[in-house]
Amino acid sequence: MTLLQEFGRFVEGCQSQSFSATTMHHARRALLDWHGALIAGSNTDAAERLIKAYVEELGIGKCSIAGTTQKTFSRAAAFINGTISHISEFDDIFRDGAYHPACPTISAAYALAESRDDSLEHLLAAIIVGYEVSTRISKVIQPSHYEFFHTTGTVGVFGAAAACSYLLGLNATQSCDAMSTAGTFASGLQQAFRSDSMTKPMHPGHAAEIGLNAALLAQAGMTGTPDLLEGDAGFGAALCKNPRWGELLNNLGESWNIEQITFKNHGCCGHNFPAIDAVAHLLNDHPISLENIAQVRVRGYKATSEVCKYVHPTTPFEAKFSLTYTVSARIVLGRVREKAFLADALASPEIYALEDKVVLSVDQECTDKFPVHRSAKVEIEMKDGSVYSHYQHTRHGDPDEPLTDQELLDKFIELTEPRIGLSSAHSLSSALLNTSPASISSLSQIWA
């Protein structure tokens, strides 16, 4: 059997099994975090422009869209919400695959579930399945895939297709067809986020739409290419070097990668996180005052220097991909959340001056550990010559140092309260974490 045929059997098999309370709780955490990122991006300029482009499709269908009270059909909702949920850079990460699974997988599954008036439990199970398939693919194609491609756009199509196949109750052959059809449309180039543009968040939006569409096509009888992953001219051959396909199916169904997800504690590119966390550690442990800092030296892995390269950013986008800015903002503001990317912060003379003291270099040890470990070595030298140093081996929020439920909830409330109000934010979080609403439609009524 081909790899996608094996995954097709897996998707079909999951339809007759139940998931543990622990695994389902991790799915609830993922769904809560996706809602936070979605609502955070809903009133941005990019979201408004996106919705404007789809104005002719609004009012047709049953699916909710963040940023408007109008409904649309499932494919459009998958694309729009998949895009909006990636705008704020607060969405989750599968560390080992350099991949954000929520935006493509949940956006597609949520749209389909809402169009069918499905249950929360069914959606949660679909999320688990979609995460499992796509995270496994993302892991075995790294690190070479990430040299040129945005994994969330490329691998995201498989997560969306698998989750939607599960929701539709497709059999093994149909599920394989859905994933293989989706895979041939995989796309997303890294150049899109090495410059200030609105393209990057559309990668997961496209992946969500493609995955949902492929599942619906498979249900209608459209066939795919079973050996799309490992074929001579397939996904692996085209998009990475030496994919480790032999590892792809190891222990499939025995453990669940949704339990190994990183939830962001900062509102910027995840490559900044180890340095930000290291600085936080030093600030907590030592008497460091802003006016007495002489230099901040950051040594990180290669991707940090390639992706987070902006210095003295002038836009929120550039700031989110700036190591010098985010580290300085953590020292000056105390947090790197939404306020760090508002106009007042971008114009802060204290942050601007401190940036000139931040020096970034590539550390071979950190580079060799990527992507399994996202690490940074930080030294803060004071004007009196004293030096405080910390080696941050992982990010706060990674599986080996996870955010607690309360930390995740605090982040969610901070992102959603300004947009939907505190009462609705609490109602939504309670429904997502603790209860079982009658349907996805009743859940959407809280925020849409």
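The values are calculated or read from the model by the stated rules, or taken from the named source; none is laboratory data. Treat the numbers as computed from the prediction; the structure is a model and nothing was measured. Because the Cβ atoms are built from the backbone with ideal geometry, glycine has one as well, and the counts that use them run over all protein chains shown. To get the accessible areas, we keep the full protein, side chains included, count just its heavy atoms, and leave off ligands, DNA and RNA. Shrake-Rupley method; radii C 1.70, N 1.55, O 1.52, S 1.80 Å.
Pulled fully out, how much extra length does the chain show between GLN445 and GLU338, if you take 0.36 nm times their separation in residues and subtract their Cα-Cα distance? Intermediate results must be reported in sequence, preceding the final value.
Numbers: separation 107, 0.36 × 107 = 38.52 nm, distance 2.54 nm.
Contour length minus the Cα-Cα distance gives 36.0 nm.
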Selection from LEU216, ASN284, LEU239, by position along the positive dipole direction of region 205-339 (Cβ)
ASN284
The size of the Cβ-based charge dipole (Lys, Arg +1; Asp, Glu -1) of the chain about the Cα centre, to the nearest 20 debye, is 400
Can you pull out the trypsin sites (Lys or Arg not before Pro) in region 175-275 that DSSP calls coil and that have at most 14 other Cβ atoms within 10 Å?
ARG194, LYS241, ARG244
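Share of antiparallel DSSP beta bridges in the chain, in percent to the nearest 5?
On the way: 20 of 26 bridges.
Approximately 75 percent, going by the DSSP bridge assignments.
When only Cα pairs under 8 Å and 6 or more residues apart are kept, what is the percent relative contact order across region 3-138?
On the way: 173 pairs, mean separation 35.4, N = 136.
Reported relative contact order: 26 percent.
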For VAL359, the residues 5 or more places away or on another chain with a placed amide H closer than 5 Å to its own amide H are VAL296, ARG297, VAL298
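Report relative contact order for the chain in percent, whole number only (criteria: Cα-Cα under 8 Å, sequence separation at least 6).
On the way: 948 pairs, mean separation 84.4, N = 448.
About 19 percent, as a whole number.
Within region 276-384, what whole-number % of the accessible surface is contributed by carbon and sulfur, with the 1.4 Å probe and all protein chains included in the calculation?
Working: 2480 of 4830 Å².
About 51 percent, which is the carbon plus sulfur part of the accessible surface.
How much accessible area per residue does region 105-148 have, in Å², with a 1.4 Å probe? Spell out each step's value before the answer.
Values: 920 Å² over 44 residues.
Heavy-atom SASA per residue in region 105-148 reads 21 Å².
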Where does helix 172-183 land angle-wise versus the long Cα axis of the chain, in degrees 0 to 90, nearest 10?
40
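Determine the gain in length on full extension of the stretch ALA294-ASN251; use 0.36 nm per residue of separation and subtract their C-alpha separation, reporting nm with one decimal. Present the calculation step by step, with values, prior to reporting the outcome.
Numbers: separation 43, 0.36 × 43 = 15.48 nm, distance 5.07 nm.
The span from ALA294 to ASN251 would gain 10.4 nm if fully extended.
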Checked against the structure, the computed mean projected area of the Cα convex hull in nm² among [x] 24.4; [y] 29.5; [z] 19.8 is the one labelled [z]
Does region 280-397 come out rounded, prolate or oblate, given a ≥ b ≥ c as the square roots of the eigenvalues of its C-alpha gyration tensor, rounded meaning a/c under 1.5 and, failing that, prolate meaning a/b above b/c?
oblate
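Which of the residue pairs LYS241/LYS320; LYS52/LYS200; LYS71/LYS411; LYS302/LYS411; LYS264/LYS320; LYS302/LYS339 have a Cα-Cα distance greater than 22 Å in the structure shown?
Numbers: LYS241/LYS320 29 Å; LYS52/LYS200 18 Å; LYS71/LYS411 27 Å; LYS302/LYS411 29 Å; LYS264/LYS320 13 Å; LYS302/LYS339 28 Å.
Among LYS241/LYS320; LYS52/LYS200; LYS71/LYS411; LYS302/LYS411; LYS264/LYS320; LYS302/LYS339, the Cα-Cα distance tops 22 Å for LYS241/LYS320; LYS71/LYS411; LYS302/LYS411; LYS302/LYS339.
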Shape verdict for region 397-447, please, from the Cα gyration tensor: rounded (a/c under 1.5), prolate (a/b greater than b/c) or oblate.
oblate
Taking θ as phi - 60°, what are the ³J(HN,Hα) couplings along region 290-296 by the Karplus curve (6.51, -1.76, 1.60), each to the nearest whole Hz, with x for Gly and Pro?
4, 5, 9, 7, 9, 7, 10
About the Cα centre of region 346-419, what is the dipole size in debye to 20, counting +1 per Lys and Arg Cβ and -1 per Asp and Glu Cβ, all else neutral?
160
Using 7 Å Cα-to-Cβ label points, what is the HIS426/SER16 separation (nm, one decimal)?
4.6
